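Let me begin by presenting the structure, written as structure tokens, before commenting on it.
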Amino acid sequence: MDNKSASAPNMIAQTAAILCAILFIVTALAALMVFNVELRAFNPATYQSALVKENFYQLFPALLGNVLSKNLDNNAPAFAKQMSPEDWKVLIENLLPPEQLQVMTEDAINQFFAYLNGETQTPYISFVPLKQSLSSPNGLNAALSIIKSQPDCTVEQLAAMIFTFGQELCNPPEKALDLAAPFLQAQLQAAAAAIPDQALLVSPNAAQQSRIESLNALRFLARLSPLVPLALLLAITLLAVRTFRSWLNWWGWPLLLAGLPGAVIGFGGAPLFRALAERVISRRIPIDIPIEAANTIRSIVDAALREMLKPAGWEGLFLFIAGTSMVLIASYLAAKDQDRISASESETRTF
């Protein structure tokens, strides 16, 4: 009777420990992902690094040029319809070289995440590099690249182009173009002056602030997520660990089973997470993006997700190695104990 009453609490404790071990595997895997994603998803450097690694700033002119040439509206100016993808590429490279594009993009990313992190209430994008480029020789070169991509001028077209710089453009003789250059430069400087120095990325309002507060609450929970599996490990220790070998087993197996999928997802899960996010977004918001742009966005998102998940992969690998080592040591100790028992029984039978 005493043995039965003593074994009942042990069985309950063992069952509870098994449940805690299962919960540990699930929560540890979730914490690996959530904690590392939160740590890096709101860091501008993650996205800046992804853009550089994917060579975005060098690819952007050709990408945008290809998209523009294939997706011009029917009401677009005639001169725009005459431009090939290569013409658009040259125009964009002259108007916004990769170095200036990188400055503008990184500044906008910094501003946006400063807003999400509560460091500013008015995130903005600066147009100063664009204005400087437009009013500089680069701007003139951009305008000239448009003109040179057009058919040769007639006398009437040449006069209209010089005096109106209107919708209809043509390619004039080189001397006429040299005469028109100062006028074009003045027009470009006037256009640059009309562009504001900056524009708000997000308009501050109560609804936006409420969303930011909700997001910050979720981020706070994500930072605390590792405490849950740690608490479960402590519970396992209190419920089931009685010897050094039992500690190795009760900790080793959960660590091993949480670490293995953690390492796999951390090192190889970026495309899967991106595909899932893409599917969810496309169901809620129908988006029609040209294939070239879609592929570039996918590669950038994959690179950013790899930056976020790679530390989880290393941490998962560490847990897997630690768990495997503990299980192997426990097996070795069990084998030694079995050998000792066998030797003792053999000696007893001898006597």
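The values are calculated or read from the model by the stated rules, or taken from the named source; none is laboratory data. Predicted model only: the values in this text are computed from it and were never measured. Glycine also receives a Cβ, built like all others from the backbone with ideal geometry; neighbour counts cover every protein chain displayed.
Things worth noting here:
- Count of the range 105-131 residues which are under 27 Å from Ala192 (Cα atoms), in a helix (DSSP H, G or I), touching a residue at least 40 places away in the same chain (Cβ under 8 Å) and not acidic (Asp, Glu): 9
- Candidates Leu39, Leu64, filtered to the one that is in a helix (DSSP H, G or I) and surrounded by fewer than 17 Cβ atoms within 10 Å (Cβ to Cβ): Leu39
- Flag if Glu86 is acidic (Asp, Glu) and closer than 30 Å to Asn43 by Cβ: no
- The one condition in (1) closer than 20 Å to Ala142 by Cβ; (2) modelled with pLDDT of 80 or more; (3) surrounded by 11 or more Cβ atoms within 10 Å (Cβ to Cβ) that Ile162 fails to fulfil: (2)
- Residue pairs meeting the criteria (Cβ under 6 Å; at least 6 apart or on separate chains; first free of Cβ contacts under 8 Å to residues at least 60 places away in the same chain, in the range 227-243; second in a helix (DSSP H, G or I)): Val241/Trp247; Val241/Trp250
- Some residue of the range 267-284 being part of a helix (DSSP H, G or I), modelled with pLDDT of 90 or more and at negative phi: yes
- Within the range 132-152, restricting attention to residues that are in contact with a strand residue (DSSP E or B) (Cβ under 7 Å, 6 or more places away or on another chain) and in a loop (DSSP other than H, G, I, E, B), the residue that is modelled with the highest pLDDT is Pro151.
- Test: residue in the range 243-261 that is part of a helix (DSSP H, G or I) and among the β-branched types (Val, Ile, Thr): no
- Yes/no for Phe60 being outside the structural domain of Leu234 (by TED's automatic domain parsing) and aromatic (Phe, Trp, Tyr): yes
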